[in-house]
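This report concerns only the one structure given below.
The values are calculated or read from the model by the stated rules, or taken from the named source; none is laboratory data. Note that this is a predicted model, so its numbers are computed, not measured. Don't worry about glycine lacking a Cβ; one is built from the backbone with ideal geometry, like all the others, and counts go over all protein chains shown. Surface areas here come from the heavy atoms of the whole protein model, side chains and all, with no ligands, DNA or RNA. Shrake-Rupley method; radii C 1.70, N 1.55, O 1.52, S 1.80 Å.
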Amino acid sequence: MTGRQSKPGGSAVARRQAWEGRIFALPFILGFLAFWLYPMSYSVYLVFQDWDLLSPPSFVGLDNIAELFRDESIGISLGNTSYYTFIGVPLQLVLALALALLLNIKVRGLAIYRTLFYLPAMTPIVASAIVWLQILHPEFGILNSFLRNFGIEPVNWLFDPRAAKPAFILMTLWGVGPQMVIFLAGLQGVPQSLYEAAEIDGASRPQRFLFITIPMISSITFFNLVVGVIASFQVFTTAFIMTRGGPQNATLFLVLYLYRNGFQYFKMGYASAIAWMLFVIIVAFTVIQFRLASRWVYEEGAPA
Amino acid sequence: MTAHADTATAKHPKSNPPRRAISRLGGGFSVRSLIHVCLLALGFVFSIPLLWVITTSFKGQGGIFTYPIEWIPDPVVWSNYPRLLNVLTFSGWPGIVFFFRNTFFISILATVGTLVSSILVAYSFARLQWPERNFLFSLSLATMMLPSVVILIPTFLLFRDLKWLNTFMPMIVPFWFAVQGFYIFLLRQFFLGLPAELEEAARIDGANSLRILWVIVVPLSRPAIVTVSIFSFLQHYNEFLSPLLYLNAVEKFPMALGMRMFQGTYTNDWPLMMAATATFILPTICLFLMAQRHFIQGIQLTGLAGR
């Protein structure tokens with residue numbers, strides 16, 4: 001033991017570490033200022049401007065926000081995005097959990113199945129959009145020829161306003177790999193002793209699933225739900241490539257409409273207003289989910 | 001079911017019969033094979049898109065319209081892949097070579113930047129004591145919650161003012177400034193889990209923080225660093241919106257954007273598109289298979305960290 005260590009805190013050492021700490025964090029400090037704080041403030045400014053990039057911006061007060069409530073396309077894209085999210089995300093979670101449950105039974109070849117279920121999520125989104133364009137093709141697409149086996153008439157998936165959103169949701173079900181892996185980790189973390197105790201008490205298999213598995217993985221379900229909703233609200237690339245918002249605006253999602261306003265109609269102010277609306281919606285839903293969480297999410301660390 | 005089968009075997013330890021036969025008798029057979037049938041069917045369904053890409057890429061233009069679907073093309077058409085090289089050229093070079101070069105250039109530089117900056121920042125947040133630390137860490141967490149769409153327009157305008165349009169800068173430079181709180185968070189969590197004794201000993205011996213980070217922390221953090229590298233690389237490899245906004249010269253396109261150039265002028269040239277798609281997907285699949293263990297770990301690490 002040297003005397004150096006016994007110095008209380010060693011103010012010279014502490015001061016040196018404080019400076020090292022700030023210098024190490026410098027990339028984040030600069031990056032936050034330049035690529036988060038500045039654009040955020042700029043975006044707030046833009047909400048109150050009318051600007052087409054050519055003539056100088058002009059102050060329009062709350063016009064852009066008022067326009068949000070008048071614009072029919074906002075209602076449509078909000079409806080589409082909600083449909084896509086509130087039907088799609090629960091289905092994704094159910095499928096991901098089902099796959100995880102199957103893999104959690106110690107079957108042979110787990111790694112192979114896990115890879116098969118995971119691979120579609122690895123596919124670049126542009127690539128999968130192009131593949132699905134073909135799978136959903138009304139004439140020679142594989143989905144219709146599969147349905148024909150059951151005597152179902154060919155569906156005009158991406159050309160029928162009623163079928164386009166279900167087709168998009170179906171497509172997202174192939175990407176549940178990451179959620180499945182997270183569920184699987186959760187399932188493996190449930191203590192075996194709970195199941196054994198329940199079995200001794202005579203609990204049936206469905207009872208054990210409902211009263212042990214579901215509560216024990218509820219925090220994982222919650223995580224998947226929150227992350228899934230946030231991601232789903234920002235859907236863009238698939239719609240941009242596959243349908244360009246059609247047919248009859250059936251796949252006009254909020255970010256696609258934002259993109260159009262910003263980079264096709266060059267309405268920078270209005271596009272920023274749409275961005276903030278999306279932000280408020282996402283934050284609102286996240287807060288609501290956290291509020292509701294206390295009712296159904298089982299917290300570990302409560303008296304055992 | 002497993003328990004059942006095991007007790008059955010345990011009852012006849014001497015006779016040593018084939019284990020599988022016993023487990024079938026024990027009733028495990030039906031349930032277990034049912035699960036396997038389910039898994040096989042689902043595995044096939046999940047493989048359909050990929051199989052479809054591969055099989056179509058070996059078909060002729062007419063072959064894609066056949067019913068029922070030919071999973072094994074007849075005849076096998078090999079010419080789609082060589083055609084990728086000829087159909088689009090810039091100054092005598094195949095366009096696809098440009099696209100891949102651009103993709104790898106952007107992805108590698110952005111990933112290196114993410115790693116270097118996030119490791120420094122995460123170490124500072126995890127181990128160094130300084131007054132404003134916790135405030136800044138919570139700011140970096142806040143950026144994780146913020147949908148990047150909110151800053152899409154002003155970021156575009158910023159890069160336009162910096163004269164970065166039609167360059168790779170918007171896809172690379174920000175990532176050298178630890179803009180993704182997610183990676184800072186992941187690395188910080190990992191650093192916090194490392195034993196502090198080694199670092200303390202090195203500090204007493206007079207090593208500075210940079211040296212400690214490089215010699216002690218980084219070698220111990222390989223799993224987390226590999227995870228961040230893979231996530232980051234794939235993110236940039238797949239990125240579509242940024243190049244769409246910032247690039248307009250076709251020879252600067254990364255593969256994600258350039259793929260559409262193979263679509264054909266008048267009719268959709270599906271076999272060619274699928275050959276391009278297969279070529280684009282191949283590196284990600286190789287990466288996944290090579291680093292699968294890290295990948296799964298990483299997802300579990302980050303997923304569970306969200307609790």
| task | Among the residues of region A:52-91, count how many are more than 30 Å from the chain's Cα centre (by Cα) and open to solvent by less than 30 Å² (accessible area, probe 1.4 Å). | result | 1
| request: Quick one: count up the residues across region B:35-85 that are open to solvent by less than 50 Å² (accessible area, probe 1.4 Å), under 16 Å from A:I142 (Cα atoms), among the β-branched types (V, I, T) and touching a helix residue (DSSP H, G or I) at 6+ places or on another chain (Cβ under 8 Å). | output: 5
| task | Look at A:L147 and say whether it is surrounded by fewer than 18 Cβ atoms within 10 Å (Cβ to Cβ) and in a helix (DSSP H, G or I). | result | yes
| said: Anything in region A:277-299 that is among the β-branched types (V, I, T) and free of Cβ contacts under 8 Å to residues at least 24 places away in the same chain? List them, or say none. | reply: A:V280, A:V283, A:V287, A:I288
| task | Could you check B:E199 against (1) open to solvent by 30 Å² or more (accessible area, probe 1.4 Å); (2) farther than 15 Å from B:T111 by Cβ; (3) part of a helix (DSSP H, G or I) and say which number it fails? | result | (1)
| remark: Quick count over region A:107-118, residues being assigned to a helix (DSSP H, G or I), over 12 Å from B:F295 (Cα atoms), open to solvent by less than 30 Å² (accessible area, probe 1.4 Å) and modelled with pLDDT under 90, is 1
| request: Give, as residue ranges, the helices (runs of 4 or more DSSP H) completely inside region A:1-105 that count at least 3 residues that are touching a residue at least 40 places away in the same chain (Cβ under 8 Å) and away from chain B (no Cβ under 11 Å). | output: A:63-70, A:72-104
